[in-house]
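The values are calculated or read from the model by the stated rules, or taken from the named source; none is laboratory data. Because the structure is predicted, anything quoted here is derived from the model rather than measured. Positions of Cβ are generated from backbone atoms using ideal geometry, with glycine treated the same way; all protein chains shown enter the neighbour counts.
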Amino acid sequence: MPSFKKSLYDQLGSLGTEQRNPETMHIDLADPGEIVRLMNREDRNVAECVSTRSGHISRAIAFVHEALAAGGRLIYCGAGTSGRLGVIDAAECPPTFGTRPDQVIGLIAGGREAMFTAQEGSEDKPENGKKDIAEHNVTNLDIVCGLAASGRTPYVSGALREARKRGAKTILVCCVAADQVDIDPAPDLLIDIPVGPEVIMGSTRLKSATAQKMVCNMISTGAMVRLGKVYENVMVDLMLTNRKLLERSRRIICMFTDLGYEEAAQLLEKAGGNVKIALVMALADVSADEATTQLDKQQGFIRAALIELSRR
């Protein structure tokens with residue numbers, strides 16, 4: 001066996017995600033109900049594990065908020081399941097929070113085709129990660145967040161290395177303990193969530209993927225809250241790209257005001273389809289121009305705009 005293969009063989013043998021789970025040794029004999037119970041029990045542990053890294057995730061939110069507020073981008077990069085999770089989170093930001101498609105980006109080893117069909121071997125080349133970062137013209141305004149369950153995916157390592165050279169801050173989300181991470185140079189922020197052995201040995205599409213999805217949810221949502229894209233606990237910067245979102249927008253206006261459905265629809269039209277502008281118009285009794293001006297002054301925060309307008 002060649003030495004480099006033996007080295008990788010030995011590395012895999014030591015990773016937490018590559019161990020056998022003593023709780024699921026007999027899952028091959030289990031009936032459907034027992035399979036569900038076993039998996040559900042393991043999944044309950046994931047949320048607790050994520051909670052132990054709340055401080056690290058809070059720092060990531062602050063990093064991303066600062067970058068987006070300054071005109072930078074959040075760029076996820078990963079391979080396989082991890083890469084798909086980044087692409088999913090990025091794709092959901094425009095309809096949910098009204099971001100531009102280029103503000104949150106998901107890069108996956110193997111490119112777009114890898115979202116639907118596994119591109120085996122694409123994750124083994126750090127130069128591919130370097131190339132993708134270069135093609136997206138990453139700068140010191142951006143945040144690059146690597147997603148790698150094993151903490152050592154070559155594609156992610158190459159991407160983070162190139163991002164650091166370009167002055168971007170880097171984050172790594174992994175599912176092994178910090179002392180098992182092999183990324184050089186070390187990221188600016190490491191979020192290690194050692195979820196332990198998978199239900200099926202090495203199948204990191206299970207607990208590891210759940211943990212990474214939870215962290216991505218927190219990072220992007222937290223940053224968007226800090227950017228004023230939420231009023232109370234309602235997303236108010238959504239884009240009206242389909243009938244459901246249009247109706248949700250009208251419902252939001254009705255919920256926060258005394259307006260009926262037809263009045264809310266008319267107000268939304270006057271506001272140019274912008275829910276935030278419509279809400280400030282209704283709640284402060286001002287024109288669309290004045291609502292827009294005040295929201296701009298308050299960096300998009302509805303509460304701050306309403307407080308300022310109430311003083312006049």
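Contact map, region 132-145: residues that are in the same structural domain as R166 (by TED's automatic domain parsing) and more than 7 Å from K169 (Cα to Cα) paired with residues that are surrounded by fewer than 14 Cβ atoms within 10 Å (Cβ to Cβ) and among the aliphatic types (A, V, I, L, M), Cβ distance under 6 Å, separation 6+ or inter-chain. Pairs shown: L141/A70. Those strands (runs of 3 or more DSSP E) of region 108-215 in which 2 or more residues are over 19 Å from G16 (Cα atoms) and among the aromatic types (F, W, Y) are absent. Among the residues of region 219-264, how many are part of a helix (DSSP H, G or I), surrounded by fewer than 18 Cβ atoms within 10 Å (Cβ to Cβ) and of a type in the set (A, V, I, L, M)? Of the residues in that region, 4 qualify.
When we screen G83, G55 for residues that are in a helix (DSSP H, G or I) and in contact with a helix residue (DSSP H, G or I) (Cβ under 7 Å, 6 or more places away or on another chain), the only hit is G83. Looking at I88, is it aliphatic (A, V, I, L, M), within 11 Å of the chain's Cα centre (by Cα) and farther than 18 Å from N137 by Cα? The answer is yes for I88. Looking only at region 12-27, decide whether some residue is at pLDDT below 95, among the charged types (D, E, K, R) and farther than 29 Å from D124 by Cα. Looking through region 12-27, at least one residue is at pLDDT below 95, among the charged types (D, E, K, R) and farther than 29 Å from D124 by Cα. Annotation: I200 fulfils all but one of (1) in contact (Cβ under 8 Å) with a residue 60 or more places away in the chain; (2) touching a Gly at 6+ places or on another chain (Cβ under 6 Å); the unmet one is (2).
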